[in-house]
Amino acid sequence: SSKEGKAIFQEALLSGMANAYFPLSEQFLSQSDPAFCGIAALIMILNAMGIDPNVVWKGPWRWYGSEEMILQKCRIDPERVRRAGILMEEFLSLARCQGLRVDMKRPCAPSQGDVLNPCHTISNFRKDIINSTMNPPSSSSSSSSLLSS
């Protein structure tokens, strides 16, 4: 919300690189528990992509409405998550449990990469983000360039 931040956002918007912002912002969700931040982020992504949870939320709506909904579907104990949060690997597992195809990429120094385990450098990450914002996923997609490469 700073002056500089607004200028950066305006530049991204005018260049067509902020396209993924709007479907995500329409689905903004505050986490119900401090340890549920990753799960709340996943709910925003799933709803922005229009992924069907295959269960009724309220009335006729089939929507991801709470963190408990995802945890129950994936058979994860909410109390354990409240105590310890989730690891990145669990976030990946939760996304896959919802039907997404996701590849996790951890950063490493370029000297650590090899042919079988290439590094995902900041440069590669920037390219992925640019690609994701220029080509947001369609609502009928079952995978996301926001989450996968």
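The values are calculated or read from the model by the stated rules, or taken from the named source; none is laboratory data. Just so you know, these numbers come straight off a predicted model, no measurement behind them. A quick note on method: Cβ atoms are made from the backbone with ideal geometry, for glycine too, and the neighbour counts reach across all protein chains shown. We work out accessible area using only protein heavy atoms, side chains counted, and drop any ligands, DNA or RNA first. Shrake-Rupley method; radii C 1.70, N 1.55, O 1.52, S 1.80 Å.
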Working with all protein chains in place, sort 64, 21 by solvent-accessible area computed with a 1.4 Å probe, largest first.
-> 21, 64
Going 7 Å from the Cα of residue 22 toward and past its Cβ, which residues in the stretch 50-66 have a backbone nitrogen under 20 Å from where you end up?
-> 50-51
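Take the alpha-carbon positions of the stretch 35-107, form their convex hull, and give its projected area averaged over all directions (one quarter of the hull surface) in nm². Present the calculation step by step, with values, prior to reporting the outcome.
Numbers: hull surface 20.3 nm².
That works out to 5.1 nm².
Using DSSP to define loop residues, name the trypsin sites (Lys or Arg not before Pro) in the stretch 1-98 whose beta-carbon has at most 12 other beta-carbon atoms within 10 Å. Don't skip to the answer; put the middle values down first.
Details: sites: 3, 6, 58, 62, 73, 75, 80, 82, 83, 96; in loops: 62, 75.
Sparse-neighbourhood loop trypsin sites (Lys or Arg not before Pro): 75.
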So residue 13 and residue 69, fully extended at 0.36 nm per residue minus their Cα-Cα distance, gain in nm 16.8 nm
Quick one: what are the phi-derived ³J(HN,Hα) couplings along the stretch 16-28, Karplus 6.51/-1.76/1.60 with θ = phi - 60°, whole Hz, x for glycine and proline?
-> x, 9, 10, 4, 6, 4, 5, x, 5, 5, 5, 10, 3
For residue 6, counting only lysines whose alpha-carbon sits under 29 Å away and dropping same-chain residues fewer than eight positions off, the answer is 127
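Which loop-located GluC sites (Glu not before Pro) does the stretch 3-105 contain, where loop means any DSSP state but H, G, I, E or B and the Cβ has at most 13 other Cβ atoms within 10 Å?
Values: sites: 4, 11, 26, 67, 68, 79, 89, 90; in loops: 26.
Loop-located and lightly packed - 26.
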Translational diffusion coefficient, Stokes-Einstein: compute it for the stretch 25-66 using the Kirkwood radius over C-alpha pairs as Rh, at 20 °C and 1.002 mPa s, and state it as an integer in µm² s⁻¹.
-> 201
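Find the eigenvalues of the gyration tensor of the Cα atoms of the stretch 7-51, then list the square roots of 5 times those eigenvalues as equivalent ellipsoid semi-axes, largest first, in whole angstrom.
After scaling each eigenvalue by five and taking roots: 24, 13, 7 Å.
In a shell of Cβ-Cβ distance under 13 Å around residue 62, excluding residue 62 itself, what net charge do Lys and Arg (+1) and Asp and Glu (-1) give?
In short, +1.
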Environment charge of residue 36, counting only residues whose C-beta is closer than 14 Å and scoring Lys/Arg +1, Asp/Glu -1 = -3
